[in-house]
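The values are calculated or read from the model by the stated rules, or taken from the named source; none is laboratory data. Predicted, not measured: the structure shown is a model, and the values here were computed from it. Cβ placement follows ideal geometry from the backbone for every residue including glycine, while neighbour counts extend to all protein chains displayed.
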Amino acid sequence: MDYNALAEEFVRNMRSAQTAMKHKPLPEDIRGESLILFCIANEGGRTVPGELSNMMCVSSARVATVLNSLEDKELITRRIDVSDRRKIIVEITPKGERHVNELQKKQIEMMKDILISLGEEDAEELVRIVGRLAEVLSKIESK
């Protein structure tokens, strides 16, 4: 098998999919700040700004700006860690949890529409392959 040609085709297909999505962007409420909320929720509802910066590969200044906005909206709280006063603990609020749950419902609905359009066989295969990809990527990351 020519893996180079296959990789090139994959990249072309992903670019085509990305171009098609430009005409139908994600709703504003599931971009930007919501990614940080998802990250906090995935960390058990509690983390530190540095971890968010690492997870998202963005600057600590960008994370601080987004956290300020989320705090103003009462979706998160920040407090000093009592065991290490140099650390700031970021926690999702009950309002933030409800927001994340609503966003997840929207994501699932959007994905369901895509899977329906693919048809049963291709939809099942896509889900299987993405699961397999997650396994492979986690093994590569741990090396």
Inset, instruction - Tell me which of these Leu52 doesn't satisfy, since it passes every other one: (1) exposed (fewer than 13 other Cβ atoms within 10 Å of the Cβ); (2) assigned to a helix (DSSP H, G or I); (3) modelled with pLDDT under 95. - result: (1)
Inset, instruction - With respect to Lys112, determine if the residue is closer than 30 Å to Ala17 by Cα, loosely packed, with under 14 Cβ neighbours inside 10 Å and either touching a residue at least 24 places away in the same chain (Cβ under 8 Å) or among the basic types (Lys, Arg) (or both). - result: yes
Legend entry - Some residue of the stretch 130-140 being at pLDDT 95 or above, assigned to a helix (DSSP H, G or I) and either among the hydrophobic types (A, V, I, L, M, F, W, C) or loosely packed, with under 11 Cβ neighbours inside 10 Å (or both): no
Legend entry - Unique residue being modelled with pLDDT of 90 or more and surrounded by 13 or more Cβ atoms within 10 Å (Cβ to Cβ) when the list is Glu124, Glu91: Glu91
Inset, instruction - Restrict the check to the stretch 34-43 and report whether at least one residue is closer than 16 Å to Leu103 by Cβ, at pLDDT below 90 and of a type outside the set (D, E, K, R). - result: yes
Inset, instruction - Please state which of the following conditions Gly119 fails to meet, knowing it meets all the rest: (1) on the phi < 0 side of the Ramachandran plot; (2) loosely packed, with under 14 Cβ neighbours inside 10 Å. - result: (1)
Inset, instruction - Might you let me know whether the stretch 67-85 holds any residue that is at pLDDT below 90 and part of a helix (DSSP H, G or I)? - result: no
